[in-house]
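> One structure, as structure tokens, below. Some questions next.
None of the figures in this text is laboratory data; all of them are computed from the coordinates on show. Values in this document were obtained by computation on a predicted structure and should not be read as measured data. Backbone-built Cβ (ideal geometry, glycine too); neighbour counts: all protein chains shown.
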Amino acid sequence: MYDSWLLRVLRRGARVTETAPRPEQLAGAAVPVRLNLRGSLQLRHVDAGSCNGCELEIASIFSPFYDAEQYGIRLVASPRHADAALVTGPVTKNMAGPLRTTIEALGAPAIVIALGDCAKNCGVFAGAYGVEGSVTDVASVQLEIPGCPPAPADIIAALRGLSQT
Amino acid sequence: MNAAGISVWQIGSVAVQVALCVVGAPLLVGLMRTVRCRLEGRVGPPVRQTWRDLRKLLAKQRTQPEQSSFFFAVAPVVLVATTIVVIAFTPMVTTRTALLGGSDLFAIVFLLLLGSVSLALAALDTGTAFGGMGSSRLMAIVALAEPALLVAILALAAPVHSSSLPVIVAGSLHHPMWLATPQRLLAFGAFVIVILAESGRLPVDNPATHLELTMIHEALMLEYSGPDLAFVVLGESLRLTVLLALLSNLFFPWGIATALTGVSFVVAIAVLAAKVALLAVAVAAGEVAVAKLRLFRVPELLAGAFVLSVLAVLSALVIA
């Protein structure tokens, strides 16, 4: 049945956010409890050579529809403020140095999250001339979120598992 | 009463308003964020989110850039300490404050400035490009905003012939007609613009930005982490709270305790919290509707605030 904008606003306010799936612990992901985030997760996003597919999905988890901010998840402007580096794409030769510097600049305790299949195993870019390797080859990764690109709901579920909300 | 003529209530009021501000300031920032999210059609984080962030930050490691000096480490403490002194001196709960001698409008404005300057110096101290850019921008804005703030309060000080804040607040309580005079309305306009500029809200600065090139206040804290960052965030929220409390008590003084009794204190605290929360919701709702001004247009806005406050002083003189 067609749900008019006016009816929806009258029923639940002008809210467009959908109910998100429950948080899940990804299989095989050893999420360190030492982070002790309890509902406050700040991410520093690093595009190490991505095709921007994962970036579109990251942008959409902060859209009104998914609204990751309601779980205390935020992107921040400095690695000093972040609890995790959110790395996308295969690591290109030019981005390997900046990625290492960013991970070094994270204030402890902090982890590295590999988002998407390229970050995990280079995906379709495996063996390309400009590619240094996957994120796992450059840094120690504590959480992998698979998918090409991962669906926004999957990203939120994994991040909620991490921040214990 | 003791020999100095200061009662337990007066000392208690200072302690209460400091405690109330430290606990309430992060909640106030959280409330503004939640209101903004709701108006954008989002659920938004809970109001206590800022406290969650602070609790986590206090447990994290603090970092210091290799080339920076001790000033980088002390600046967040200076920011919080000066703001707490301002809170102690501002008449929030009662006009009969224990610190009557220090509650001068010049002292308040310069103490607020000290916090900004220490943060700007610390950002220069890091030696990064964005830190220097942020501090030069902050100084440009502060240099234009502070005179407008001083002159605006001066227009309120003229009718009572005193620069003491409790006297100004008590004066407008005794003469309710003053609240609708031209100089009040002009000073109110100037005051609102200055508060938005001083606390880094839209349209002067966007507190939620990730773009380093558009940052002003955010650029100053890029190198801070852990407890230092928690102090900077707490200090900024305290500044916003004290400015909104000052705005509400100077222009809407009803509810503030003029007698030193328990009942009037409880009423004063409740009314103050309601007034400040209402102003914060109004600011947040206004922010949804406006875009950030181009940096080169900000001096024009602040010059406008200064003109408003000069006109306020002139009309105060003409009417007197």
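> Quick check on region B:1-129: take the gyration tensor over C-alpha atoms, sort the square-rooted eigenvalues as a ≥ b ≥ c, and tell me if it's rounded (a/c under 1.5), prolate or oblate.
It is oblate, given that a/c is not under 1.5 and a/b is not larger than b/c.
> Under a straight-distance cross-link criterion of Cα-Cα below 21 Å, which lysines are reachable from A:LYS120, leaving out those fewer than 8 residues away in the same chain?
Partners within reach: A:LYS93.
> Okay, next question. Would you please name the chymotrypsin sites (Phe, Trp or Tyr not before Pro) within region B:215-320 that are DSSP coil residues with at most 13 other C-beta atoms within 10 Å of their C-beta?
B:TRP254
> Just name one of A:LEU162, B:VAL29, B:LEU211: the one whose Cα is farthest towards the positive end of the charge dipole of the protein assembly as shown (beta-carbon charges, Lys/Arg +1, Asp/Glu -1).
B:VAL29
> Hey, another quick one. Counting only C-alpha contacts under 8 Å and six or more residues apart, can you give the relative contact order of region B:176-320 as a whole percent?
Reported as a whole number, the value is 42 percent.
> Relative to a virtual label point 7 Å from the Cα of A:ALA108 in the Cα→beta-carbon direction, which members of region A:143-164 show backbone nitrogen distances below 13 Å?
Under 13 Å, as judged by backbone N against the label point of A:ALA108, lies no residue of region A:143-164.
> In a Gaussian network model over chain B where Cα atoms closer than 10 Å are linked, find which of B:ALA81, B:ALA273, B:ALA59 has the largest mean-square fluctuation.
Largest GNM mean-square fluctuation: B:ALA59.
> Given the C-alpha atoms of the protein assembly as shown, compute the convex hull and give its volume per residue in Å³.
172 Å³
> Which value at 222 nm does chain B reach when only helices count, each DSSP H run of 4 or more adding -39,500 (n - 2.57), with the total divided by all residues and rounded to the nearest 500 deg cm²/dmol?
So the calculated ellipticity at 222 nm is -23500 deg cm²/dmol.
> Work out the mean other chain Cβ neighbour count within 10 Å for the residues of A:76-84 and drop it here as an integer.
That average works out to 6.
> Quick check of the Kirkwood formula: for region A:25-163, what is the inverse mean of 1/r over all pairs of different Cα atoms, in Å?
Evaluated on region A:25-163, it is 14.7 Å.
> What are the residues whose amide H is under 5 Å from the amide H of B:ALA257, where those residues sit 5 or more places off or on another chain and H is modelled from the backbone?
Excluding prolines and chain starts, which carry no amide H, the hits are B:THR94, B:THR95.
> Moving on. Stretched out fully, how many nm does the piece from A:ALA128 to A:LEU7 gain, at 0.36 nm a residue minus the Cα gap?
Once the chain is fully extended between A:ALA128 and A:LEU7, it gains 38.3 nm.
> Quick one: grab the alpha carbon gyration tensor of region B:250-320, order the square roots of its eigenvalues as a ≥ b ≥ c, and give me rounded if a/c is under 1.5, else prolate or oblate depending on whether a/b is larger than b/c.
Oblate.
> Please list A:119-125, B:150-156 highest first by mean number of surrounding beta-carbon atoms within 10 Å per residue.
B:150-156, A:119-125
> Run the quick spin-label model on B:ALA19 and A:VAL16: label points 7 Å from Cα toward the beta carbon, then report their separation in nm to one decimal.
4.5 nm
> Determine the relative contact order of chain B: mean sequence separation of Cα pairs under 8 Å and six or more apart, normalised by residue count, in whole percent.
29 percent
> Additional query: Inverting the mean 1/r over all pairs of different Cα atoms, compute the Kirkwood radius of region B:63-222 and quote it in Å.
Every distinct Cα pair counted, the radius reaches 17.2 Å.
> Could I ask something else about it? Direction-averaged shadow area of the convex hull around the Cα atoms of chain B, nm²?
It is 17.0 nm².
> Can I ask one more? What shape does region B:189-320 take by its C-alpha gyration tensor, where a ≥ b ≥ c are the square roots of the eigenvalues and a/c under 1.5 counts as rounded, a/b above b/c as prolate, and the rest as oblate?
Since a/c reaches 1.5 but b/c is at least a/b, the shape of region B:189-320 is classed as oblate.
> Averaged over peptide B:50-58, how many Cβ atoms belonging to another chain are found within 10 Å of each residue's Cβ?
4
> Going by amide H atoms built from the backbone, whose H comes under 5 Å of the H on A:ILE73, apart from near neighbours?
The answer is A:LEU41.
> Now, a different point. Please report the relative contact order for region A:25-163, taking Cα pairs under 8 Å with a sequence separation of at least 6, and give it as a percent rounded to a whole number.
The value is 31 percent.
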